[in-house]
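The values are calculated or read from the model by the stated rules, or taken from the named source; none is laboratory data. Owing to the predicted nature of the structure, the values given are computational and were not obtained by experimental measurement. Counting neighbours? That spans all protein chains shown, and the Cβs are built from the backbone with ideal geometry, glycine included. With ligands, DNA and RNA removed, areas are computed over all heavy atoms of the protein, side chains included. Shrake-Rupley method; radii C 1.70, N 1.55, O 1.52, S 1.80 Å.
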Amino acid sequence: MQQPLELPVQQPLGDAGTATEGDSSTSGNPYAGLVSHLRAAWLSGKTRPLEYRVAQLEALGHFLEERKQDILEATALDMRKPPFEAEFSEVLLCKNELNEALNNLSQWVKDENVDRNLATQLDSAFIRKDPYGLVLIIGPCNYPIYLLLMPLIGAIAAGNCVIMKPSGVTRNSEQLVVEVLSTYLDKDCFAVVTADVEGTTRLLENKFDYIFFTGSTSVGRIVMTAAAKHLTPVTLELGGKNPCYVSDTCDVRNVARRVAWGRFYNTGQTCVAPDYVLCSAEMQEKLVPALREAITEFYGPEPRDSPDFGRIVGDKQFQRVRALLGSGRVAIGGQTDEKERYVAPTVLVDVQPSDPAMQEEIFGPILLIINVASVEEAIDFINSRERPLAIYVFSPNNKVVNQVLERTSSGGFCGNDTLMHVTLTSLPFGGIGSSGMGMYHGRFTFETFTHRRGCLQRSAGLESINALRYPPYSTQKMGLVRAATSIKRQGDCTLL
């Protein structure tokens, strides 16, 4: 999620509801015509009926079902993603999100009645769930289908029109979205745009009603700056360095397997992967051999030959990850192959907080270990840095787990495992501070793309009641208005 935005030059898409960099409009912006077309579709009210939203969501379901093999092949070509990981992450989790929306959408869209004061007891007060309008979704390269479709599902469920901008680093997945996904959706209301960096900048010049961006913190700032010009609300799903504290009393083998799985899943290119371990020197002595055993168990004696270990997504990304191997000392792995974009599952020890690998998110198959003397020191270390997207704690003692939970701040939290909190549609997912803003997953995705519109409908008559608030004012009127509109604190008593 945290790689810089690097996108190839636009390709012709060939259908209504799509755009290339060569398109033009009277405004001079190459995307203005497309934006205008989709905004007109939204203003027509086409996307508002529940039946329409359900039909488009079901069409997405057909795409996931009928094109599953195409998704597996595209992600394999892009980054040699193992079929198991591709099916679980790019397909199954999207289906879960989709089914959650389809199962509950009829309830989510209902008006929400709210409490009324005495003055409005005869009126109707409710929250209307309105779509924002025209939404822009910019996807990343590490999960090119999952992290594009997950917000798309919520945007459709909420009744919006959508322009999608998939990552161009994963060219095969991008092509699949452009040529295949777009055929499943209503082209008047949903479009796919491909663009390089310059094209994306021009795209962001247009006014959108909501922008959802997944990617690096640096590009997130650019997106937010562009959105600010139009006062457009944003969700930024960024990342950071996710700490993982391991107490001395843990079952080392279990910890090693769960940490190794979370760190090396998708070749470490996961925004919520554990970035570095905080543990005592004594625990490190036991943990390193256990990690070596877990890596061999997962990927064999030569991970390069394992069908279950992928590759870095792009050449520039490979160069950046390889440069981080100079921090600390290699305890496990460290091998690289530039031609294959291969970086072995690696563990670095003797890492200092000032080392280059501690200055940026790893976003590759490298795990750092830093020594701390106690859980208090670990908490202080975590709190001295930017707030991460996730914090992990391993301890059989719930007091230790809760101590870290209560005294730190992060986008999400998981005790005694890694990554698994992301699989629950019932939990919100999102960052805080430099790791992002806003949240999604399950109902939270629907709510992200929904404007909660406060509504009061009053009687056209009963003007004698309203007369209390009109001038000329008097002490008597103030007393009646106070009685009709005040909220009393529960448990308060009045001394007469």
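Residues considered: Gln175, Gln107. Of these, the only one that is at pLDDT 95 or above and under 19 Å from Val54 (Cβ atoms) is Gln107. Among the residues examined, Gly154 does not qualify as surrounded by 24 or more Cβ atoms within 10 Å (Cβ to Cβ), touching a Pro at 6+ places or on another chain (Cβ under 6 Å) and modelled with pLDDT of 95 or more. When Ser434, Ser409, Ser426 are checked against the criterion of being at pLDDT below 95 and out of contact with any His (no Cβ under 7 Å at 6 or more places or on another chain), a single residue qualifies: Ser434. Within segment 264-302, if we keep just the residues that are acidic (Asp, Glu) and open to solvent by 10 Å² or more (accessible area, probe 1.4 Å), the residue that is farthest from Gly333 (Cα to Cα) turns out to be Glu282.
Mind telling me which of the residues Ala331, Ala357 ends up being over 23 Å from Gly215 (Cα atoms) and either among the small types (Gly, Ala, Ser) or crowded, with 22+ Cβ neighbours inside 10 Å (or both)?
Details: Ala357 fails: over 23 Å from Gly215 (Cα atoms).
Testing whether each residue is over 23 Å from Gly215 (Cα atoms) and either among the small types (Gly, Ala, Ser) or crowded, with 22+ Cβ neighbours inside 10 Å (or both) leaves just Ala331.
Considered as a group, the residues in segment 275-312 that are of a type in the set (Ser, Thr, Tyr) and more than 29 Å from the chain's Cα centre (by Cα) include one that is nearest to Asn254 (Cα to Cα), and that residue is Thr296. Residues that are under 25 Å from the mean Cα position of the chain (by Cα), outside any strand (DSSP E or B) and of a type in the set (D, E, K, R) do not occur anywhere in segment 113-127. Checking the structure you have, find out if any residue of segment 202-220 is open to solvent by less than 10 Å² (accessible area, probe 1.4 Å), more than 14 Å from Val234 (Cα to Cα), in contact (Cβ under 8 Å) with a residue 12 or more places away in the chain and under 18 Å from the mean Cα position of the chain (by Cα). Yes: one or more hits. Taking (1) out of contact with any strand residue (DSSP E or B) (no Cβ under 6 Å at 6 or more places or on another chain); (2) without any contact (Cβ under 8 Å) to a residue 60 or more places away in the chain in turn, Gly133 satisfies each apart from (2). Apart from one condition, Trp261 fits all of (1) in a helix (DSSP H, G or I); (2) surrounded by fewer than 20 Cβ atoms within 10 Å (Cβ to Cβ); (3) touching a Phe, Trp or Tyr at 6+ places or on another chain (Cβ under 8 Å); (4) outside the structural domain of Lys399 (by the TED database); the exception is (4).
In the set Leu57, Leu13, Leu7, Leu43, which member is at pLDDT 95 or above, surrounded by 13 or more Cβ atoms within 10 Å (Cβ to Cβ) and not β-branched (Val, Ile, Thr)?
Details: Leu13 fails: at pLDDT 95 or above; Leu7 fails: at pLDDT 95 or above; Leu43 fails: surrounded by 13 or more Cβ atoms within 10 Å (Cβ to Cβ).
Step by step, each of Leu57, Leu13, Leu7, Leu43 is checked, and only Leu57 is at pLDDT 95 or above, surrounded by 13 or more Cβ atoms within 10 Å (Cβ to Cβ) and not β-branched (Val, Ile, Thr).
When you look at Leu92, is it assigned to a helix (DSSP H, G or I) and either among the aliphatic types (A, V, I, L, M) or not assigned by the TED database to the domain that holds Phe213 (or both), yes or no? Yes; evaluated as a whole, the condition is true for this residue. Meeting the requirement of 3 or more residues that are among the polar types (S, T, N, Q), open to solvent by 30 Å² or more (accessible area, probe 1.4 Å) and not assigned by the TED database to the domain that holds Glu100, the helices (runs of 4 or more DSSP H) wholly within segment 380-496 are 398-407, 475-485. Highlighted here are the strands (runs of 3 or more DSSP E) found entirely within segment 137-249 that include at least 1 residues which are hydroxyl-bearing (Ser, Thr, Tyr) and under 30 Å from Thr267 (Cα atoms): 210-214, 234-237, 243-246.
Do any residues in segment 224-247 that are open to solvent by less than 10 Å² (accessible area, probe 1.4 Å) have Cβ atoms under 6 Å from those of residues that are acidic (Asp, Glu), where the two are at least six apart or on different chains, and which pairs are they? Listed pairs, sorted by first residue: Gly239/Glu361; Asn242/Asp275.
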